[in-house]
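What follows is a single structure, written as structure tokens, with notes after it.
The values are calculated or read from the model by the stated rules, or taken from the named source; none is laboratory data. Everything numeric in this text was worked out from a predicted model, so none of it was measured. Backbone-built Cβ (ideal geometry, glycine too); neighbour counts: all protein chains shown.
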Amino acid sequence: MAIIAPSLLAADFLQLQKACDIVNNSEADWFHLDVMDGRFVPNISYGLPVIEHIKKAAKKPCDVHLMILEPENFTEAFRKAGADIVSVHIEACPHLHRNIQQIKSLGMKAGVAINPHTPVESLKDILQDIDMVNVMTVNPGFGGQSFIPHSIHKIRELRRMIAERGLHVKIEVDGGVTLENAQAILHAGADVLVAGNTVFKSPDPIATIRQLKEL
């Protein structure tokens with residue numbers, strides 16, 4: 001059964017308590033929290049103080065996706081703010097193995113995110129050291145974008161790489177996930193579905209989460 005991680009980037013920021021209540025009271029598994037710095041991606045979202053408050057309300061793990069340069073400067077602070085899982089971008093980390101070691105040394109699960117243009121083969125020398133790969137299926141920086149169709153091939157290839165090596169690495173898919181394409185994404189090999197607009201812009205977010213969970 002898929003892990004469902006609603007992205008609070010799509011929630012009403014004036015009603016974050018309500019958004020947290022929706023996730024807590026639904027069949028969702030994780031909170032997905034997108035941090036953007038305006039440097040690695042062309043947008044700024046939210047940071048440590050907001051995550052700290054979300055953590056106080058959250059009854060489920062916080063999956064923090066760092067779309068930032070030099071994440072090593074903030075990893076410990078995100079742990080203190082409440083992150084349970086931290087994903088950093090391969091494109092932002094020239095010393096990726098060191099980044100992963102740092103995340104794990106702080107007691108968090110470690111993920112690596114890859115942009116749409118980045119081949120899954122670039123993960124072959126780090127795959128054994130991580131807990132999750134976040135396959136970006138839109139260009140990072142903004143919510144509400146359409147799923148890039150070629151991503152299905154990347155998910156399938158990544159699943160093959162993981163299986164061939166007997167690893168237990170989760171595949172998270174982030175961007176443009178809808179009720180219409182979620183089944184194909186899962187069939188390709190995904191374990192975790194990040195859904196923003198699909199959940200928070202729906203008339204009944206809890207029912208939408210249930211539909212995703214039942215796929």
statement: Going through the range 186-210 in order, the residues found to be in contact (Cβ under 8 Å) with a residue 40 or more places away in the chain, within 22 Å of PRO140 (Cβ to Cβ) and in contact with a strand residue (DSSP E or B) (Cβ under 8 Å, 6 or more places away or on another chain) are LEU186, ALA190, ASP191, VAL192, LEU193, VAL194, ALA195, GLY196, VAL199, PHE200
- line: Restricted to the range 178-215 and to residues being of a type in the set (Gly, Ala, Ser) and under 17 Å from ALA10 (Cα atoms), the residue surrounded by the most Cβ atoms within 10 Å (Cβ to Cβ) is ALA195
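For the range 50-65, how many residues are without any contact (Cβ under 8 Å) to a residue 40 or more places away in the chain and either touching a helix residue (DSSP H, G or I) at 6+ places or on another chain (Cβ under 8 Å) or in a loop (DSSP other than H, G, I, E, B) (or both)? If you could, list the steps in order and put the result at the bottom.
Restricting attention to the range 50-65, the residues satisfying the condition of being without any contact (Cβ under 8 Å) to a residue 40 or more places away in the chain are 50-53, 55-56, 58-62, 64.
In the following step, the residues that additionally are either touching a helix residue (DSSP H, G or I) at 6+ places or on another chain (Cβ under 8 Å) or in a loop (DSSP other than H, G, I, E, B) (or both) were identified as 50-53, 55, 58-62, 64.
Counting residues in the range 50-65 that are without any contact (Cβ under 8 Å) to a residue 40 or more places away in the chain and either touching a helix residue (DSSP H, G or I) at 6+ places or on another chain (Cβ under 8 Å) or in a loop (DSSP other than H, G, I, E, B) (or both) gives 11.
Any idea which of ILE44, ILE51 is in contact with a Leu (Cβ under 8 Å, 6 or more places away or on another chain), modelled with pLDDT of 95 or more and aliphatic (A, V, I, L, M)? Please lay out each step first, then the result.
Working: ILE44 fails: in contact with a Leu (Cβ under 8 Å, 6 or more places away or on another chain).
Sole residue among the options that is in contact with a Leu (Cβ under 8 Å, 6 or more places away or on another chain), modelled with pLDDT of 95 or more and aliphatic (A, V, I, L, M): ILE51.
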message: If I go through the range 141-177 residue by residue, how many of them are modelled with pLDDT of 95 or more, under 16 Å from LEU9 (Cα atoms) and touching a strand residue (DSSP E or B) at 6+ places or on another chain (Cβ under 8 Å)?
response: 4
- prompt: In the range 24-55, which residues are β-branched (Val, Ile, Thr) and surrounded by fewer than 17 Cβ atoms within 10 Å (Cβ to Cβ)?
  reply: ILE44, VAL50
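Quick one: would you say ALA19 is more than 23 Å from MET132 (Cα to Cα), in contact (Cβ under 8 Å) with a residue 24 or more places away in the chain and hydrophobic (A, V, I, L, M, F, W, C)? Write out each step before concluding.
Numbers: more than 23 Å from MET132 (Cα to Cα): yes; in contact (Cβ under 8 Å) with a residue 24 or more places away in the chain: yes; hydrophobic (A, V, I, L, M, F, W, C): yes.
Yes.
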statement: The number of residues in the range 49-85 that are touching a Phe, Trp or Tyr at 6+ places or on another chain (Cβ under 6 Å), of a type in the set (A, V, I, L, M, F, W, C) and under 16 Å from VAL194 (Cα atoms) is 3
